[in-house]
Amino acid sequence: MNKKRVVVIGSGFAAISAVRELRKRSGEVEIFVIGPRAEFVFLPSLIWIPSGIRQPQELTVPLHSFLARQRAEFVEAEVTGLKDGGRTVLTDRGEIECDALLIASGGRFIKKLPGIEHAITPCEGIPAAVAIRDRLNELEGGTIAVGFGGNPNEPSAMRGGPMFEFLFGIDTLLRKQGRRDRFRLVFFNPAPEPGKRLGPKAVKGLLGEMAKRGIETHLGHKMKGFEKGRVITDGGEIPADLILFMPGMTGNAWFDNSELPRSEGGLVKADARCRVHGMERVYVAGDSGSFPGPEWMPKQAHMADLQAKAAAANLIAELEGKTPGETFRVELLCIVDSLNSGMLVARTPRRSIVLPASPLWHWAKRFFEWWYLRRIR
């Protein structure tokens, strides 16, 4: 009897959790992981590269050992599309057939604003964080503008938390270096209450922290674009020597070359069990998917892990002829770090918790990084 083959697309948080759960649920399935490189990058810690707390090589983990322990095979390739209802994955190295598919390939930043090449998008990866570090070292003074946007057709497809961390981290770094007085820090956002998805208490806390640190705000004005040395909104311009901007997210480009059902925001439509609508044995987890749930449901590593575990459990159940029954827990959990302190924010459908800034949360975030990477290494 031939073993069933499961293909996982991606190598981030959702993919790692999916592979681990697939193997936990079944010792028999063949697992193939497709990605451009057999490595995992711990993106939440990019915030520490500009200050030197972390070096790029500390956040990159080769996946060969992890995949060997999980008895999974890596295919180094770029996915270009799907056919046959998800039974065939198209790549730049050829076609790969499978009995079931789990999409965990992350999202894609919407780079449509004019002049966006003049801004650095931090969560694009290590090169972006290194570029921020190098630019900060070059600057003797000036204005640093930090902001984020969203996907108007997909409220959940945004990543604002890291931008607060870069903002507060840069402020802390400049103070430690004794040169904060030479810089003007400005936070900009088209929403009048940025971070509202974290909960009203968090918004108040974040804006209060900005005021305490002398960080200016430019809120509630629609983004129009960027030029070299300035941010342009319908409420005026912000002169800037360094611009950090996180756009909203949409689906991967290869989704267009597939039968995948898409949400208005361009993500893969899935149900509460992470099953892709109208497709057999095709699942999605993490930033690639559009899931039912509250508007504040986050796009973050923790949520991707929860969705990946449910998706993997249901996929194995379906392969075994059982009815998929696992749903994922909706939970926002983050520590807004500022290099030497952190604010804990937690939200569920029943409650919202914000604990004030404390060095304890900074060290908790560093411990989680160590624990997570240790499990992969």
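Brief remarks follow.
- Using the Cβ-Cβ distance between LYS111 and GLU28 with R0 set to 30 Å, the FRET efficiency from 1/(1 + (r/R0)^6) comes to roughly 0.10.
- On a per residue basis, region 203-279 carries 45 Å² of accessible surface, using protein heavy atoms and a 1.4 Å probe.
- Simple rule: put +1 on each Lys or Arg Cβ and -1 on each Asp or Glu Cβ in region 49-124, find the dipole, and look at PRO122, THR60, ILE103; the Cα lying farthest toward the positive end is PRO122.
- Helix axis angle, 359-376 relative to the chain longest principal axis, alpha carbon, degrees: 30 degrees
- Euclidean distance of C-alpha centroids, region 141-170 and region 42-121, integer Å: 22 Å
- Take every Cα pair under 8 Å whose residues are at least 6 apart in sequence, average their separation, divide by the length of the chain, and the relative contact order is 20 percent.
- Each residue was assigned an accessible area with a 1.4 Å probe, and for TRP370 the value is about 130 Å².
- Tilt relative to the chain, helix 126-138 - C-alpha long axis, 0 to 90 degrees, to 10: 10 degrees
- Here each label is just a point 7 Å from Cα along the line to Cβ, and for TRP371 and GLU78 those points are 3.8 nm apart.
- FRET E, pair GLU259, GLU295, Förster distance 22 Å, beta-carbon r, rounded to 0.05: 0.20
- Over region 1-79, relative contact order from alpha-carbon pairs under 8 Å, at least 6 apart, %: 36 percent
- In this Cβ point-charge picture (+1 for Lys and Arg, -1 for Asp and Glu), region 125-183 has a dipole of about 200 debye about its Cα centre.
- Derived scalar couplings between HN and Hα for region 38-43 equal 7, 8, 10, 10, 7, 4 Hz in order, rounded to whole Hz, by the Karplus curve 6.51 cos²θ - 1.76 cosθ + 1.60 (θ = phi - 60°), x for Gly and Pro.
- Helix 13-25 and the longest principal axis of the C-alpha atoms of the chain enclose an angle of approximately 30°.
- Gain on full stretching of the segment that runs from LEU333 to GLU280 - 0.36 nm per residue minus C-alpha separation: 15.9 nm
- Working from Cα pairs under 8 Å separated by at least six residues, relative contact order for region 189-240 is 32 percent.
- DSSP bridge pairs, the chain: antiparallel proportion in percent, nearest 5: 50 percent
- When the surface is traced with a 1.4 Å probe over the full set of protein chains, ARG281 keeps roughly 50 Å² accessible.
- The GNM of the chain, with springs linking C-alpha atoms under 10 angstrom apart, assigns the highest mean-square fluctuation among PHE166, PHE148, PHE226 to PHE226.
- For region 263-279, Karplus couplings with θ = phi - 60° (6.51, -1.76, 1.60), whole Hz, Gly/Pro x: 7, 4, x, x, 8, 7, 6, 9, 9, 5, 9, 6, 7, 6, 4, x, 10
- Size of charge dipole - the chain - debye, nearest 20, with Cβ of Lys, Arg +1 and Asp, Glu -1, no other charges: 1160 debye
- Between amide H atoms placed 1.01 Å from N, distances below 5 Å from VAL33 occur with VAL8, GLU73, PHE74, VAL75, all of them 5 or more places distant or on a separate chain.
- Per residue, the accessible area of region 32-89 comes to 40 Å² when a 1.4 Å probe rolls over the protein heavy atoms.
- Residues whose amide H comes within less than 5 Å of that of GLY81, counting only those at least five positions distant or on another chain, are LEU90 (H built at 1.01 Å from N in the peptide plane).
- Rolling a 1.4 angstrom probe over region 229-377 with all protein chains present gives an accessible area of which 51% lies on carbon and sulfur atoms.
- Annotation: amide H-H contacts under 5 Å for ALA157 (H modelled 1.01 Å from N, sequence separation of 5 or more, or interchain): ASN151.
- Selection from PRO247, VAL282, HIS218, by position along the positive dipole direction of region 214-302 (Cβ): VAL282
The values are calculated or read from the model by the stated rules, or taken from the named source; none is laboratory data. These figures come from a predicted structure and were not determined experimentally. As a convention, Cβ positions derive from the backbone with ideal geometry for all residues, glycine included, and neighbour counts pool all protein chains shown. Areas reflect the complete protein model, heavy atoms only, side chains present, ligands, DNA and RNA absent. Shrake-Rupley method; radii C 1.70, N 1.55, O 1.52, S 1.80 Å.
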